[in-house]
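Presented below is the structure to which this report refers.
The values are calculated or read from the model by the stated rules, or taken from the named source; none is laboratory data. Owing to the predicted nature of the structure, the values given are computational and were not obtained by experimental measurement. Methodologically, a virtual Cβ is constructed for each residue, glycine included, from the backbone with ideal geometry; neighbour enumeration extends over all protein chains shown. Quick note on the areas: whole protein, heavy atoms, side chains included, nothing else; ligands and nucleic acids left out. Shrake-Rupley method; radii C 1.70, N 1.55, O 1.52, S 1.80 Å.
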Amino acid sequence: MAATIRKIEKEEAEAVFSLEKECFSSPWPLAEIEYELCENPCSILLGVYDEGKLVGYLDFMITFDSATINRICVSKREQRKGFASLLLKKMEEICKSQEERVEFITLEVRKGNFAAIALYKKEGYDEITVKKMYYDDGEDAIYMMRSLL
C-alpha cells in the first residue's frame, strides 16, 4: 500500500466534505469542517492519501491527558484496505509525542456499526458503556476507550 498520511490543509475542506456526504447519514456541514480545520485550537485532522487522492480522514482533539476521536471515515470504494488502521496508528503516534502525556483515547460509535466496532476492538479499544439515543436518529452509541499507558 503506497498510502501517505498527513495533516489536512484548509484548502481541502471541500474534499473532506465530499467524504462526509459519502460516509455519514448526518454529514457535518462545510462550515463545521472549516471550523475544525481553521479555528478549533484542539482539533487535528489527518488525511490518508492514495495516489495523491484523499480517501479517508480522522478528526481528533487532544485536551490535557486524553484524546477524543470526533470523526473517522474512509471512502466506501477504499474500505477494508487498512486505511482506517493507518489513521488510528498515526493519531496514536501524535498522542504519544505530546509534551503533556496523553493517557487514553475515547470515541463514540453507532451501536449498529459492526465493522467499525470490530476495527476499534482489533486496535485495542474496549467498550465502556452505551449512551442511549445518542445520535439524531435515536440510535445508541457505544462509548469506547483505549489506554496509551
Applying a 4.7 angstrom Cβ cut-off across the chain, unpaired cysteine residues come out as Cys38, Cys42, Cys95
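From the gyration tensor of the Cα coordinates in the stretch 51-133, what semi-axes in whole Å does the equivalent ellipsoid have, largest first, with each one equal to sqrt(5λ)? Don't skip to the end; give the middle numbers.
On the way: eigenvalues 88, 69, 22 Å².
Taking √(5λ) for each eigenvalue gives 21, 19, 11 Å, largest first.
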Dividing the surface of the Cα convex hull of the chain by four yields a projected area in nm² of 8.7 nm²
Ordered by number, the chymotrypsin sites (Phe, Trp or Tyr not before Pro) in the stretch 59-91 that occupy a DSSP loop and have at most 13 other Cβ atoms within 10 Å are Phe64
In this structure, the FRET efficiency calculated for Phe114 and Glu9 from their beta-carbon separation, with R0 = 41 Å, to the nearest 0.05, is 0.80
Burial-style ranking of 102-108, 3-9, average other-beta-carbon count within 10 Å with highest first, yields 102-108, 3-9
Of every hundred units of 1.4 Å-probe accessible area on the chain, the number belonging to carbon and sulfur atoms, as a percent, is 50 percent
Distance in nm between Lys96 and Lys121 label points, each 7 Å along Cα→Cβ, equals 2.4 nm
For 127-135, 51-59, ranked highest to lowest by mean beta-carbon neighbours within 10 Å, the order is 51-59, 127-135
Once Lys89 and Thr68 are pulled to full extension, the length gained, defined as 0.36 nm per residue separation minus their Cα-Cα distance, is 6.2 nm
Here Rg/Rh (Cα, Kirkwood) for the stretch 15-80 equals 0.97
For Asp140, the residues 5 or more places away or on another chain with a placed amide H closer than 5 Å to its own amide H are Lys111, Met133, Tyr134
Among the stretch 30-56, those whose backbone N falls under 14 Å of a label point 7 Å along Cα→Cβ from Phe104 are none
Whole-Å distance linking the alpha carbon centroid of the stretch 11-37 with that of the stretch 45-109 is 15 Å
